[in-house]
1. From the list 186, 178, which residue is modelled with pLDDT of 90 or more and within 29 Å of residue 132 (Cα to Cα)?
2. What residue, of 318, 334, is surrounded by fewer than 19 Cβ atoms within 10 Å (Cβ to Cβ), at pLDDT 95 or above and within 23 Å of residue 4 (Cα to Cα)?
3. Would you tally the residues in the stretch 264-282 being exposed (fewer than 13 other Cβ atoms within 10 Å of the Cβ) and either touching a helix residue (DSSP H, G or I) at 6+ places or on another chain (Cβ under 7 Å) or of a type in the set (D, E, K, R) (or both)?
4. Among (1) buried (at least 16 other Cβ atoms within 10 Å of the Cβ); (2) outside any helix (DSSP H, G or I), there is one condition residue 357 misses while meeting the rest; what is its number?
5. When the stretch 360-396 is examined, which residues are found to be among the β-branched types (Val, Ile, Thr), in a helix (DSSP H, G or I) and buried (at least 20 other Cβ atoms within 10 Å of the Cβ)?
6. Limited to the stretch 107-125, what total is found for residues that are over 19 Å from the mean Cα position of the chain (by Cα) and either within 30 Å of residue 166 (Cα to Cα) or in a helix (DSSP H, G or I) (or both)?
7. Can you list residue pairs whose Cβ atoms sit under 8 Å apart, with the first residue in the stretch 367-392 being free of Cβ contacts under 8 Å to residues at least 24 places away in the same chain and within 20 Å of residue 343 (Cα to Cα) and the second being surrounded by 21 or more Cβ atoms within 10 Å (Cβ to Cβ) and hydrophobic (A, V, I, L, M, F, W, C)? Count only pairs 6 or more apart in sequence or on different chains.
8. How many of the residues making up the stretch 21-62 are over 22 Å from residue 7 (Cβ atoms) and either free of Cβ contacts under 8 Å to residues at least 24 places away in the same chain or within 24 Å of the chain's Cα centre (by Cα) (or both)?
Amino acid sequence: MLQLWLSLQHFLHIKKHKTTVPQGFVEKISLKDHSLAANYTMAKIKVQYVDLIFGAILLALWTVGGGIHYLDSQLQTFELSPIWLGIVVILGVTLISDIIGLPLEIYKTFVTEEKFGFNKTTPQLYIKDWFVNNLVSFAIMIPLLATVLWLMDSTGTYWWLLVWAVFISFMLFMMWAYPTFIAPLYNKFTPLEDQELKQKIEKLLDSGGFHCDGIFVMDGSKRSGHGNAYFTGLGSKKRIVFFDTLLESLTHEEIEAVLAHELGHFKHKHIVKKLINTSAISLGCLALLGWLIEQNWFFNGLAIDTPSNHLAILLFMLIFPVFNIFFTPIFSFLSRKQEFEADEYAVSQTGKIHLPNALVKMYKDNASTLTPSPIYSAFYDSHPPAPIRINHIQSLGDSQ
């Protein structure tokens with residue numbers, strides 16, 4: 001109900017302001033583009049309504065509706081070992097939920113995104129991605145779940161400490177392996193060929209003391225018209241990735257400013273801070289699960305008659321987001337604070353002109369609304385609203 005109410009506030013606020021371009025953007029964003037962004041966002045919110053309601057119903061059916069209990073009891077007839085039974089039940093619920101939700105995901109891609117000109121995915125590519133996603137997920141999750149279930153079964157009351165160590169090791173491994181081994185399964189990454197831009201970027205990297213494994217261009221345009229840039233990897237496998245769509249729309253100076261913003265996250269150690277926060281939160285969650293697994297009401301209240309380790313994991317995975325939503329504003333606030341800090345670093349490196357120009361183009365190209373609901377934005381948004389962010393950048397430039 002909270003999420004539905006927030007989405008409604010967001011929808012009504014955008015609808016109210018769709019015919020007026022915000023001050024400061026009048027000369028940069030046309031009313032046509034502003035209205036297009038408003039309509040696009042409102043169309044996504046309508047789909048979000050369905051997603052939220054459908055997700056709540058599915059969650060109820062799996063838990064208090066007895067869905068998990070039924071699936072678990074049926075699979076027990078195959079007389080699998082406890083570890084393999086746990087793996088099959090957890091992955092089974094995941095796969096079935098994915099299949100049930102597939103029509104809505106297809107609608108998002110081939111109706112909503114298509115209507116506003118962003119979808120570039122073909123049905124063949126969509127099907128291929130779906131199968132690759134599941135194969136990769138299963139290849140990763142099977143050994144991880146087997147390790148976790150074995151530790152839970154054989155290491156006593158404080159199993160959650162060992163599982164936490166496995167989780168952190170796995171997270172660091174994935175950060176290292178993803179750019180080299182997993183991302184290329186979906187996209188083609190080619191070294192940046194523009195030598196002039198490459199020299200600007202390398203100079204910026206040197207000034208910030210940043211070392212990476214390479215600067216790459218990703219063929220994001222084969223799936224979507226949205227543009228972006230990001231850092232990925234860990235240690236010697238760090239790399240910079242630009243969407244090809246982004247390079248087509250921004251000047252060299254604007255690309256340099258966007259990259260300087262990303263470097264700001266590195267200079268302020270935001271990645272390290274997020275790793276520390278994730279580690280602390282995951283430890284708390286596993287300690288909570290370690291306590292819940294001993295409570296009969298936890299299982300009985302969710303329609304499970306016979307407690308087990310794998311059902312404890314599955315139930316916790318399903319219901320934790322219901323309670324975690326109330327912490328979302330805290331994480332959003334901290335994220336926006338880090339975005340301001342990264343912007344400040346970018347201004348110190350590239351000045352106050354190019355980053356705002358780049359952001360305006362990105363807002364326009366991605367049809368991002370300039371008028372989000374203040375309460376919705378405060379609750380969810382990891383980035384400050386466009387007017388606040390650009391005003392902050394320009395005030396920094398004036399003071400330097």
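1. Step by step, each of 186, 178 is checked, and only 186 is modelled with pLDDT of 90 or more and within 29 Å of residue 132 (Cα to Cα).
2. None of the others qualify; the one that does is 318.
3. Of the residues in that region, 1 qualify.
4. (2)
5. To start, the set of residues in the stretch 360-396 that are among the β-branched types (Val, Ile, Thr) comprises 360, 369, 371, 375, 388, 390, 393.
Add one more test, that the residue is in a helix (DSSP H, G or I), and what stays is 360, 375, 388, 390, 393.
The answer is 390, 393.
6. Within the stretch 107-125, residues that are over 19 Å from the mean Cα position of the chain (by Cα) and either within 30 Å of residue 166 (Cα to Cα) or in a helix (DSSP H, G or I) (or both) number 9.
7. Qualifying pairs under 8 Å: 385/370.
8. Looking only at the stretch 21-62, we keep the residues that are over 22 Å from residue 7 (Cβ atoms), and these are 21, 23-33, 61-62.
Next cut, either free of Cβ contacts under 8 Å to residues at least 24 places away in the same chain or within 24 Å of the chain's Cα centre (by Cα) (or both) only: 26-27, 30-32, 61.
Number satisfying all stated conditions: 6.
The values are calculated or read from the model by the stated rules, or taken from the named source; none is laboratory data. Fair warning: this is a prediction, and the values are worked out from it, not measured in the lab. Note: ideal-geometry Cβ built from the backbone for every residue, glycine included; neighbour counts use all protein chains shown.
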